[in-house]
Amino acid sequence: CVFLMRGLITASLKSRSEDEESTAVKRTAAQAFSGAGMIPKRRSSSRSIKRKKFDDELVESSLAKSTSRVKGQPVIEPIRCHGNDLASSDKKKVIKSGSSLTPPLSMLMAPSSMTKRMKRNKQPLQITKDLGRWKPTDDLLLINAVLQTTDLTSVHLGVKFSCRFTLREIQERWYALLYDPVISKLAWQAMRQLHPEAIAAIQSKALFSQTEEALLAKITSSSQPKLEVFQDLLNKHPNVFYPSRTAKNLMVHWQLLKQYYLLEDQSVQPLPKGEQVLNFSDAEQVVDDAKLKDSRDEVLEHELMIADRHQKREIRQLEQELPRWQVLVDSITGMNSPDFDNQTLAALRGRMVRYLMRSREITLGRATKDKQIDVDLSLEGPAWKISRKQGIIKLKNNGDFFIANEGRRPIYIDGRPVLSGNKWKLNNNSVMEIAGLRFVFLINQELISLIKAEAAKMNQP
């Protein structure tokens, strides 16, 4: 029994010692692997996600890219050592070396990317702004004028551009054409696309140089030169005058020089003294505009306005009563009989024209090329407001006349409106008004009475 107990105790002690040794080996291996950096890292992509950058992210993204690139460069290989961990001094050295490399590269990369992007953003705006205001014709006018006068102030005063440019804008444009390669190239391409006629018209407006005016000023004011004189001047001095100059242009400019006393044999006249007046412009300057204005009389203006209103009202009343008085005069003097004959049922009388109704139904309106009607009201006066088919006048079997409005505008019968689609009975001497044209409807009573008698006989059993 004693031997059996000893054997069991020794076996248990051996197994425990083996377990302790295996755990110690595992611990040392784990410490060694962790100290040497052999633990596998999580895989991740170093590429940045492409998305739209905003203005406030430009600097940060450039810095982030630079730092990520620098951090990816130093690669530390795993070192297998038998010790526990790397020394703390070695770790500090590695961290300091990595941190010391990143700032200078980021400082070098960030400003360059910023300047490139700022240049790309600024240049198109400035170019489009200049091209929008300045047209190719303006650039060609500016170049020709500067070459002729060599003075931007005289160009600003003498050249008429498409816009009212200030002197500073003209200077900036001229310097841009000279020294800015992008703007000058675009302007040159636009000018080359102009039509030859447009170029000729621009060249004809070129300013006169001082040498050209000096040659023209030699012609005396007392002489009356013709076109041949200026043509000879062009032939003698072809290098002085602008290539597009003609004899007519020289003659017109010489007349301007003569008008403003700029010829060699002319002298500027002194200003008028006292009441002496040289020409109309001087007299206009002497006149005081304040004295020309009459003082307003409000009471008189009010009385004149009231009198004008009364007169217009009386004229309107007389115009409305005139047809009635005309009918009364005709009935008294017996002038009514010539309007009718044996075939005329009624008549429509205006101021200028008289229309006869010889059928039981007639159409009245405005005649056109495509449509003809019985009564053309445009012969009486302006009928552009009248419809092509304004109305229809019918005679019924009982001897009554009716008018039907077929147009858009109303027809006034004795002051009462007949709207579109409505009918109205016409009596003898009825006043009809259509779009300002007035007519009197006259009925042949004798013929209508005969028609009524025949209709009555037909209706008797």
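Summary table below
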read-out: Members of K385/K423; K160/K226; K135/K248 lying beyond 22 Å, as alpha-carbon distances in this model show; value: K160/K226; K135/K248
read-out: DSSP-defined beta bridges in the range 346-458 - what % are antiparallel, rounded to 5; value: 95 percent
read-out: Net charge contributed by nearby residues that have their C-beta within less than 9 Å of L141 (K/R +1, D/E -1); value: 0
read-out: The range 346-458 - Rg and Dmax from Cα coordinates, angstrom; value: 14.0, 46
read-out: Cβ-Cβ FRET estimate between R354 and E172, R0 fixed at 60 Å, reported to 0.05; value: 0.20
read-out: For the range 346-458: relative contact order, % (alpha-carbon pairs under 8 angstrom, 6 or more apart); value: 23 percent
read-out: Computed magnitude of the charge dipole of the range 346-458 (debye, nearest 20; Cβ of K, R +1, Cβ of D, E -1); value: 240 debye
read-out: S209 versus M458: modelled label distance in nm, points set 7 Å from Cα along the beta carbon direction; value: 10.1 nm
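Throughout, read-outs are computed from the coordinates displayed, never taken from laboratory work. These numbers were taken from a predicted model, which means no experiment stands behind them. Methodologically, a virtual Cβ is constructed for each residue, glycine included, from the backbone with ideal geometry; neighbour enumeration extends over all protein chains shown.
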